[in-house]
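Chemist: First the structure, which I've put down as structure tokens, then a few questions once you've had a look.
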Amino acid sequence: MQRISEKSDVYSFGVVVLEMLTGRHPLDPALPGGAHLVQWVREHMQAKRDAWELVDARLRAGASEADAHEMRQVLSVGALCVSRRADDRPAMKDVVALLEEIRRPAAGDDAKQQQRQPPAAAAPPAPVSPVRGARSGAQSSSCSFAASEYSA
């Protein structure tokens, strides 16, 4: 018996994300070696294979490069949510922050182009916690999508 906690909810959310993007049921008998969906995704990601191969062909068909980029990132967040150890899973508020920061790549070199954009003429941004986008002052896990072993 395992204790039900927020981290088990995060795991369940991750499974749902993996189901949606792969188009597979968690116990799909067509998975190689009779693997569970989570195991299949983990092995694929740990082998450093392209996450795009995991995405359902119906979603891949006609997807732009920007769509593919976003789906890879969401798949990576889902994989982070199903980490083996509960302590390695982000808090749900951090999952939300990770999903909110997913953006389509800009034309050309997106990282440099985003740095060149002038800041908005609004109030200074609130300090952020170790997870980009999460507001400070709230409890936060130490996960970071950019530093995740699953980020693409």
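The values are calculated or read from the model by the stated rules, or taken from the named source; none is laboratory data. This is a predicted model, so every value here is computed, not measured. So basically every Cβ, Gly included, is an ideal-geometry build from the backbone, and we count neighbours across all protein chains shown. The accessibility values were calculated without ligands, DNA or RNA, using every heavy atom of the protein model including side chains. Shrake-Rupley method; radii C 1.70, N 1.55, O 1.52, S 1.80 Å.
Chemist: Scan the range 54-88 for residues that are of a type in the set (Lys, Arg) and more than 11 Å from the chain's Cα centre (by Cα) and jot them down.
Modeler: Arg58, Arg60, Arg84, Arg85, listed by residue number.
Chemist: Another question, if that's okay. Could you figure out which of (1) modelled with pLDDT of 90 or more; (2) within 14 Å of the chain's Cα centre (by Cα) isn't true of Ala51?
Modeler: Against the list (1) modelled with pLDDT of 90 or more; (2) within 14 Å of the chain's Cα centre (by Cα), Ala51 comes up short only on (1).
Chemist: Just checking, does the range 91-110 include any residue being at pLDDT 90 or above and more than 14 Å from the chain's Cα centre (by Cα)?
Modeler: no
Chemist: So which of Gln46, Gln73 is of a type outside the set (Asp, Glu), within 23 Å of Ser8 (Cα to Cα) and open to solvent by 40 Å² or more (accessible area, probe 1.4 Å)?
Modeler: Gln46
Chemist: Can you confirm whether the range 114-131 contains a residue that is surrounded by 15 or more Cβ atoms within 10 Å (Cβ to Cβ), modelled with pLDDT under 90 and either assigned to a helix (DSSP H, G or I) or in contact with a helix residue (DSSP H, G or I) (Cβ under 9 Å, 6 or more places away or on another chain) (or both)?
Modeler: Yes, the range 114-131 contains at least one residue that is surrounded by 15 or more Cβ atoms within 10 Å (Cβ to Cβ), modelled with pLDDT under 90 and either assigned to a helix (DSSP H, G or I) or in contact with a helix residue (DSSP H, G or I) (Cβ under 9 Å, 6 or more places away or on another chain) (or both).
Chemist: Could you check the range 47-77 and list, in sequence order, the residues that are farther than 23 Å from Met92 by Cα and part of a helix (DSSP H, G or I)?
Modeler: Trp52, Glu53, Leu54, Ala57, Arg58, Leu59, Arg60, Glu65, Ala66, Asp67, Ala68
Chemist: Please list, ordered by first then second residue, the pairs with beta carbon atoms under 7 Å, 6 or more apart or interchain, first in the range 16-33 and without any contact (Cβ under 8 Å) to a residue 60 or more places away in the chain, second among the acidic types (Asp, Glu).
Modeler: Leu21/Asp56; Thr22/Asp56; Gly23/Asp56; His25/Glu19; Pro26/Glu19
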